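See below for the structure under consideration.
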Amino acid sequence: MNDQLSRRDFLKCAAVSIAALAGSGLMAGCGMGADMTEKWDEEANIVFTNGKIYTVNKKNPFAEAVAIKDGKFMEVGSARDIEKFVGQQTRIVDLGGAFAVPGFIDSHIHPAQPYLHEEGGALLFPESFNKDQIAEAFAAYLKKNPNVPYVIGEKWGFGLFPNGRANKKWLDSLVSDRPALLRDEGRHGAVANTAMLKLAGITKDTPQPKYGFIEKDPQTGEPTGYLAETAMQTVFSKIPMYPDEVWERALKRVMQKLTAWGVTAYTDASANAPQFRVYRKMEDEGSLNFHISGSIPMNDWAKDRVVDPEPLVAMAGEYRSPLFDPIGRKWWGDGTPLSKTSLMVAEYADGGHGTMTTDQIDFDRMIEEAKKGGLVMVHAMGDGTVRTLLDVFEQIRKLNPESISQSHHLAHCSFLRDEDIPRFCRLNVVAEFSPLQYYRGPLTSLAEEAVGAESMKYFANLKQTIDSGAHVAIGSDWPTGAMDANPLRMLQVLVTRKNPYEKNNDKPLGDPIRLEDAIRVMTLGGAYSMRKEKELGSIEKGKAADMVVLDQNLFEIDPDSIIDSRIVYTIFTGKIVYDANMSK
Ligand SMILES: [Zn+2]
């Protein structure tokens, strides 16, 4: 059999060709199956038996037991099938009929961010605080940290200031003897005090940055202190970032949560030098319990003290290891339709098509990185942005048709036109979706207000994308786009399209998908987006033994209560890394 050909056949249309190939004997060579020829020593390290294991392997969707050796599944089948691998040293875990699925894969997360500033000692207060409460929090913070050279904090509510923009006068009244910067609740804007503007060298003569905004007083031309998007980066590039210990503590807090939620792999959508070092250290210590795909921020404006793409790209190969693969190159192709920093095919409700935050210089670099084998990952919310980037991928494939087996990744795809959907499959671009926003709520109302009813028809076009045979992956985008990264919450939204934070009788927003599809895109789909579908993502012989055991069979419960299920075990490469009974 010609391996190359069948792989290509498979790539022509994922889901569609899986069905066609199943049972034809082509599966092993087509990219989805694991290597069946590997020889196993007969005795398993551990077996899990008496379970209802949903494998996400279409040939063999349910199994009763698995045998694991050296971190990989050596057999998946009935209790009898695995009996022969049980030896004197084998640990046997009786699942008591419990339900299991492959370890969940979060295809888009910023894992240091949820706790970085807290661990780094920043000033944090909730967006619900009024000005008096912020002043109090500020005073308490300065009393507790009298020697901090500068104050970084967040997050003030838009409602506190005219046009949602705070100014330096207000911040100077809270602290004037040292630089300070406070971000707003959307984290796309911030206010700097006079001392911080001085430190960053922002004056009335500073030109407006590309893709950013320095607000200036219309009378005097002086900066008001309000900075948006890339203008904030000017400040961050001037202050020293946290030491590695802070990054490590922040990452470990998130990892502990992810493990308890059943996540065994993720794509770090903004991998930087401190994270590279922490992953390496943890892997050396044997404490890294995830398969991680790292994506290096590439936009010129995203540069700061920790993110300079050039040295990172240069050392990526050196950092590649069994658990960490910094193969990704990440661009923010646009911002968000809420601030019209996304390009839309139709006009926004108040006119104009919006903008992108990348241009031909970035597109050329994407093409160059793809040529070198890099996995191009681009944040794209607007349907116009998606279309423009698909044109770039079109060029990548045209320049190098051989590269078709190397997938790329469009993140969010919040708005997606029908005519662009078939291009994902054809160009082997993974469509990643962020379901934690796909329900009727304040955010989708704001989106509709901004983009208008016509564009809203193309919001979260997930079902159609799956039906097209494209590879689909799911990301939480925690903490940017979500309050947590619990995969059960994402599963629930995928199959209900209703608010997963409260019990409700909402009408679904858009088309729910089938549970089996939802589980697949959150496991095998994620593995594909990491280019690791041969090693991860399903419970199959030869693949990494990553599995999650739940207290309820997700196929038998009310979809509205998926979030109430409990993780019993998280198993990573055959090790139980979370045990509900131990953590009570
Ligand atoms: Zn993100």
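The values are calculated or read from the model by the stated rules, or taken from the named source; none is laboratory data. In this text, all values refer to a predicted model and were calculated from it rather than measured experimentally. So basically every Cβ, Gly included, is an ideal-geometry build from the backbone, and we count neighbours across all protein chains shown.
For the range 290-303, the condition of being away from the ligand (no atom under 16 Å from the Cβ) and aliphatic (A, V, I, L, M) holds for none of the residues.
Taking residue 474, is it more than 29 Å from residue 112 (Cα to Cα) and among the β-branched types (Val, Ile, Thr)? No: the conditions fail for residue 474. I'm trying to understand the selection: among the residues of the range 409-421, which are within 16 Å of the ligand (Cβ to nearest atom) and more than 15 Å from residue 335 (Cα to Cα)? Of everything in the range 409-421, just one residue is within 16 Å of the ligand (Cβ to nearest atom) and more than 15 Å from residue 335 (Cα to Cα), namely 409.
Just one of (1) surrounded by 16 or more Cβ atoms within 10 Å (Cβ to Cβ); (2) of a type in the set (Ser, Thr, Tyr); (3) more than 21 Å from the chain's Cα centre (by Cα) fails for residue 438. It is (3).
Look at the range 471-496: where a residue is without any contact (Cβ under 8 Å) to a residue 24 or more places away in the chain and under 15 Å from residue 413 (Cβ atoms), no partner that is outside any loop (DSSP other than H, G, I, E, B) and within 13 Å of the ligand (Cβ to nearest atom) sits 6+ places away or on another chain with Cβ atoms under 9 Å.
Per the listing 376, 386, the residue uniquely crowded, with 18+ Cβ neighbours inside 10 Å, outside any loop (DSSP other than H, G, I, E, B), within 16 Å of the ligand (Cβ to nearest atom) and touching a residue at least 40 places away in the same chain (Cβ under 8 Å) is 376. If you go through the range 356-373 and pick out every residue that is of a type in the set (S, T, N, Q) and free of Cβ contacts under 8 Å to residues at least 40 places away in the same chain, you end up with 1.
To keep it simple, each residue is scored yes or no on (1) modelled with pLDDT of 95 or more; (2) among the hydroxyl-bearing types (Ser, Thr, Tyr); (3) within 16 Å of the ligand (Cβ to nearest atom).
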position: 241; (1), (2), (3): no, no, no
position: 248; (1), (2), (3): yes, no, no
position: 268; (1), (2), (3): yes, no, yes
position: 305; (1), (2), (3): no, no, no
position: 320; (1), (2), (3): yes, no, no
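Here 140, 122, 79 are screened, and the one residue that is of a type in the set (A, V, I, L, M, F, W, C) and within 30 Å of residue 574 (Cα to Cα) is 79.
Within the option set 183, 187, 178, being part of a strand (DSSP E or B), of a type in the set (D, E, K, R), more than 30 Å from residue 283 (Cα to Cα) and not assigned by TED's automatic domain parsing to the domain that holds residue 481 holds for one residue only, 183.
Taking residues in the range 403-422 that are in a helix (DSSP H, G or I), and partners anywhere that are within 16 Å of the ligand (Cβ to nearest atom), the pairs with Cβ atoms closer than 7 Å and at least 6 places apart or on different chains are 420/386. For the range 191-198, indicate whether the set of residues that are part of a loop (DSSP other than H, G, I, E, B) and at pLDDT 95 or above is non-empty. Checked the range 191-198: at least one residue is part of a loop (DSSP other than H, G, I, E, B) and at pLDDT 95 or above. If you filter the range 73-115 down to residues that are within 16 Å of the ligand (Cβ to nearest atom) and in a helix (DSSP H, G or I), you find that the one that is surrounded by the fewest Cβ atoms within 10 Å (Cβ to Cβ) is 113.
The one condition from (1) of a type in the set (A, V, I, L, M); (2) within 16 Å of the ligand (Cβ to nearest atom); (3) modelled with pLDDT under 95 that residue 273 does not meet is (2). Here is a check on your reading of the model: is residue 578 closer than 23 Å to residue 283 by Cα and among the aromatic types (Phe, Trp, Tyr)? Yes, satisfied.
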